[in-house]
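Below you'll find the structure, written out as C-alpha cells, and then a few comments.
The values are calculated or read from the model by the stated rules, or taken from the named source; none is laboratory data. Source: prediction; values computed, not measured. Neighbour counts are summed over all protein chains in view; Cβ atoms, including those assigned to glycine, are modelled from backbone coordinates with ideal geometry. Just so you know, the surface numbers come from the protein's heavy atoms only, side chains and all, with ligands and any DNA or RNA stripped out. Shrake-Rupley method; radii C 1.70, N 1.55, O 1.52, S 1.80 Å.
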Amino acid sequence: HGISHRIFDGLFARLRDAKLAVRREAATAMASMFRSLAGDVARVGGLSDAVDTMVLNIPGRLSGAAVQDFELRPHIHALLYQQGLLPPSTPAPTAAKIWALVWADAEPKDRDQVLRLLRSKTELQRAMAALLVLRQ
C-alpha cells in the first residue's frame, strides 16, 4: 500500500520549516524516497500499484524549494546534481520513462521547476562531455 497523502503533506511542509536542519532532513528524505521509487521502476518496468504517485511530485517540490530558499539551495543542488535522483545504473530508456512519469504527474505549479531541472541536468551533461573531449 502507498504512503498516505497526509505524510507527504507533512514532509512537503517541513521544506518550509523555520529551522534549516529540519528543511535539510526533509529534502534528504524526499530525495531518498524518489531514488527508491526510481529503483522500483527500473526493476519492475513501471510503477507498481503500491507506489503512491505523490512520490512523483518530489523533483518539482525540491526544485521549487531550491529556488525559494537560498539557505537550503546548496543542499538541494547537492541532492539533485551530485547524488542525483536516479541511481547511476539506471538505463537511459528507463530514466526517460521515469522523467516522463514525473512530468505527467507534476502539479501545474511544479512543471516549470521540473523542466528547469531537466534542462540544467542536460546542460551539465553537455558541459561534462565537452570537458572530456578536451581532455583527450
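Quick look at the numbers
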| item | result |
| --- | --- |
| Burial ranking of peptide ranges 128-135, 62-69, 17-24 (average Cβ count within 10 Å, highest at the top) | 62-69, 17-24, 128-135 |
| The chain, Rg to Rh (Cα coordinates; Rh as Kirkwood inverse mean 1/r) | 0.98 |
| Apportionment of accessible area to carbon and sulfur, the chain, percent (1.4 Å) | 57 |
| Fully extended contour minus Cα-Cα distance, from GLU107 to VAL133, at 0.36 nm per residue | 5.5 nm |
| Rough spin-label spacing in nm, given labels placed 7 Å along Cα→Cβ, for LYS121 and SER89 | 1.9 |
| Quarter of the Cα convex hull surface for region 90-136, i.e. its orientation-mean projected area (nm²) | 3.7 |
| Kyte-Doolittle mean at least 0.0, axial Cα span of 30 Å or more - DSSP H helices of the chain | 20-44 |
| Most mobile of LEU86, LEU37, LEU101 in a GNM of the chain (Cα contacts under 10 Å) | LEU101 |
| Simple label model, 7 Å out from Cα along Cβ direction - HIS77 to VAL22, nm | 2.6 |
| Max mean-square fluctuation residue, GNM over the chain, Cα-Cα springs under 10 Å, options GLU25, GLU71, GLU123 | GLU123 |
| Solvent-accessible heavy-atom area per residue, rounded to whole Å², over the chain at 1.4 Å | 60 |
